[in-house]
Structure formats: structure tokens, C-alpha cells
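Reviewing the structure listed below.
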Amino acid sequence: MTKSSDGRIFVIDICERRVGEEFGEDESVLADLGKWRVQIRRDFDDLFQTLRGVPPPGEYDFRIHTDPRAKIQHCQPYRMTRSERKEFEVQIKKLLANGWVTDSHSRYAAPIIFVKKPDAMLRMCVDYRGLNVIMAKDRYPLPYIENLLDKLHGARVFTKLDLASGYHQVRVHSDDCQKTASIAPDGFYKYKVIQFGLANAPAAFMRMINKILHPHRRNTIV
């Protein structure tokens, strides 16, 4: 991460390898890049800490608008294997410690389910299909890939921006937290940040990122 003279902050991921003839034959340039990475981590150490807590209320709070005539979705918990129960205890303890979930007394309830990842680890998910059916859908258009490629014309140096636990950096509006309630055989919880599986989560996240980075579009960000 670096800061420009006009106060703008840019996140830079420097790849320590040759790209064509960009660096010439002087290996000292690559060594300098490595030093810069160390310096950046030292100067902005607070930005590389483990993400904790809930963002403050603001214009990007995630809303869940449901059909007032629809039946409130309340499901029974799914059965869990012994390994799933053990993993649930580990993950729910972390979520509670980070302040991302809290105990719930909501009339809503979506069952928790585990999905095995390619590395055989278990991912805890919430089956929000019942809630998604009665939720008013939010649409946010994706840009044409051809337009994005046109903006790359003449560019020679590229980087990428990635957010740690991106969804967990978006607060759920306090009036809608009860609708995110999830139920397991050993607990009943509601989310205070966006959880995967909610129908409008991708659109809300893209809208937030585009608004935050809008001043840098067509200049340094595609």
C-alpha cells in the first residue's frame, strides 16, 4: 500500500519476477521491490491485522426487504455428523469472538449445512433458499468485458485488489439482522454482517466497492 502526494491511497501487490524486459538485466531492481514490500507492511501494519468487529452503521448497510404477505421462513436444523458438530463449535466460536454473530430469538430460522471444500476441509454455510424466495431482488449490472479490456490499452504494469473476508466487512442493517437467523442442533444465531447465500449479497457488495473506488475509475482501477 502506498500514498500519493494528493492523499490517495493505493493497494499494490508487487510480484517479484520478470515481466518481459521491464526490469532489464539488473537483479538489484528485484531486490529493491522486496525491500519495498517489507517497508509497506511495516508502515501500514494495522491494515494487515486479523479482521475483527462489525463496521459502523452507514450508507452501505445491507438491507433485506421481504414480501410482507409472505410466510416467515422457519426451518428445523439439519442433522450433523460428529465431525460437522466439532467443526461447528470451532467456527461459531470464532464468529462470536469476532462479533459477526450473536444469539438470536428471531421468528426466522435457516438451517446450517456443511460443504466439503476441495482440500477436504468443511465450509459452514447457511441454507437461505427459503428466505431468498420471499426477498425482493436487487439487480446490479456487470460491466461488459470488452469495455474493461479496452481500458487496459497501453498499460504495462498491473496489480490486483483483494479484501480479506470481504462480505464480513459489510454490515447488515440492525432492522434486518433477525432475518439472517440460522439454526443448528446446538444453537440459534443471527448474523450482523453479510453471510454467503443471501440473494442480494453480490449486488450489494459490488455496489459498495464501485462507489468507494469510483474516484479512481478510468485512472488506476478497472
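The values are calculated or read from the model by the stated rules, or taken from the named source; none is laboratory data. Since the structure is predicted, the reported quantities are computational estimates derived from the model, not experimental observations. No Cβ is skipped: glycine too gets one built from the backbone with ideal geometry, and neighbour counts run over all protein chains shown. SASA here: full protein model, heavy atoms, side chains in, ligands and nucleic acids out. Shrake-Rupley method; radii C 1.70, N 1.55, O 1.52, S 1.80 Å.
For every residue, the table says whether it meets (1) open to solvent by 30 Å² or more (accessible area, probe 1.4 Å); (2) among the polar types (S, T, N, Q); (3) within 14 Å of TYR189 (Cβ to Cβ).
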| position | (1), (2), (3) |
| --- | --- |
| LYS93 | yes, no, yes |
| LEU96 | yes, no, yes |
| SER106 | no, yes, yes |
| PRO143 | yes, no, no |
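Is it true that LYS160 is crowded, with 18+ Cβ neighbours inside 10 Å and not in a helix (DSSP H, G or I)? Taking the combined requirement at face value, the residue does not satisfy it.
Only one of the numbered conditions (1) surrounded by 10 or more Cβ atoms within 10 Å (Cβ to Cβ); (2) of a type in the set (A, V, I, L, M, F, W, C); (3) within 21 Å of the chain's Cα centre (by Cα) is not met by ALA184, and that is (3).
Quick one: which residue in ARG69, ARG42, ARG85 is out of contact with any Gly (no Cβ under 8 Å at 6 or more places or on another chain), farther than 30 Å from ILE221 by Cα and open to solvent by 100 Å² or more (accessible area, probe 1.4 Å)?
The unique qualifying residue is ARG69.
Give me a count of the residues in segment 92-104 that are in contact with a Lys or Arg (Cβ under 9 Å, 6 or more places away or on another chain) and not aromatic (Phe, Trp, Tyr). Matching residues across segment 92-104 total 7.
Scanning segment 149-198 for residues that are under 17 Å from PHE88 (Cα atoms) and of a type in the set (Phe, Trp, Tyr) returns PHE188, TYR189, TYR191, PHE196. Reported count of residues in segment 118-153, each being within 27 Å of ARG217 (Cα to Cα) and in contact with a helix residue (DSSP H, G or I) (Cβ under 6 Å, 6 or more places away or on another chain), is 2.
Do you know which of the residues in segment 45-66 that are of a type in the set (Asp, Glu) and under 25 Å from THR180 (Cβ atoms) is least open to solvent (accessible area, probe 1.4 Å)?
Top of the filtered list is ASP61.
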